[in-house]
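The values are calculated or read from the model by the stated rules, or taken from the named source; none is laboratory data. All figures in this text were calculated on a predicted structure; none of them were measured in a lab. Positions of Cβ are generated from backbone atoms using ideal geometry, with glycine treated the same way; all protein chains shown enter the neighbour counts.
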Amino acid sequence: MSDFILLDGDRANFNPVFGAAIVNVQPGTLKGSGESTLQGKKVCIDGDEKKVSVPGCTYTTPVYSIPGMGTLKIAALGGDQKAQKTRSAGKPMLLKGSTFTAQFEVQNPAKQPSSTPIPDSMPQYSGTGTFITTNTKWRVT
């Protein structure tokens, strides 16, 4: 099944629920590195998703209500987000697809309120996200 190719500047939107953590999400921006272009923008290829990083996002959990901070990243693409046949620079092009697996890496743990606040011991949380593309013309498989 064909889908829209992702382009330089397209967005990775993260869902706010990361297991027990609720993250104040912000979108990430894809940086295309393919040789092919569309509308003057480079196409995104396999590996470009690994460069998406959104630092400075706050989070809380039901137990740790004093906000902490961390970074959003794309952990893995969904099975329908990599072209099976179409390549650029020898790598599969990235497609809009359905959902990717996201990761929230904790840098400053949220804390449990008490006389001496207790920090969250989880180093990371898993969640999901979707791509938003400006490409409405070029579809591939």
Lone qualifier among 2, 33 - being touching a helix residue (DSSP H, G or I) at 6+ places or on another chain (Cβ under 9 Å), surrounded by fewer than 23 Cβ atoms within 10 Å (Cβ to Cβ) and over 13 Å from residue 133 (Cβ atoms):
33
Does segment 50-57 include one or more residues that are of a type in the set (D, E, K, R) and loosely packed, with under 14 Cβ neighbours inside 10 Å?
yes
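Just to be sure before I move on: is residue 115 over 20 Å from the mean Cα position of the chain (by Cα) and modelled with pLDDT under 95 in the structure I sent?
Yes, satisfied.
Quick grid of which residues meet (1) of a type in the set (A, V, I, L, M); (2) part of a strand (DSSP E or B):
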site	(1), (2)
26	no, no
55	no, yes
71	no, yes
75	yes, yes
93	yes, yes
127	no, yes
134	no, no
137	no, no
I'd like to verify a number: residues in segment 118-136 that are more than 18 Å from the chain's Cα centre (by Cα) and among the aliphatic types (A, V, I, L, M), how many?
2
Filtering segment 92-126 down to residues that are farther than 30 Å from residue 38 by Cα, among the small types (Gly, Ala, Ser) and surrounded by 14 or more Cβ atoms within 10 Å (Cβ to Cβ) yields 110
With respect to the numbered conditions (1) among the polar types (S, T, N, Q); (2) outside any loop (DSSP other than H, G, I, E, B); (3) within 19 Å of the chain's Cα centre (by Cα); (4) more than 30 Å from residue 115 (Cβ to Cβ), which one is the sole condition not fulfilled by residue 33?
(2)
Please enumerate the residues belonging to segment 5-23 that are buried (at least 19 other Cβ atoms within 10 Å of the Cβ) and either at pLDDT below 95 or farther than 18 Å from residue 55 by Cβ (or both).
5, 6, 7, 8, 10
All but one of (1) at pLDDT 95 or above; (2) surrounded by fewer than 17 Cβ atoms within 10 Å (Cβ to Cβ); (3) of a type in the set (A, V, I, L, M, F, W, C); (4) within 18 Å of residue 5 (Cβ to Cβ) hold for residue 89, so report the exception by its number.
(1)
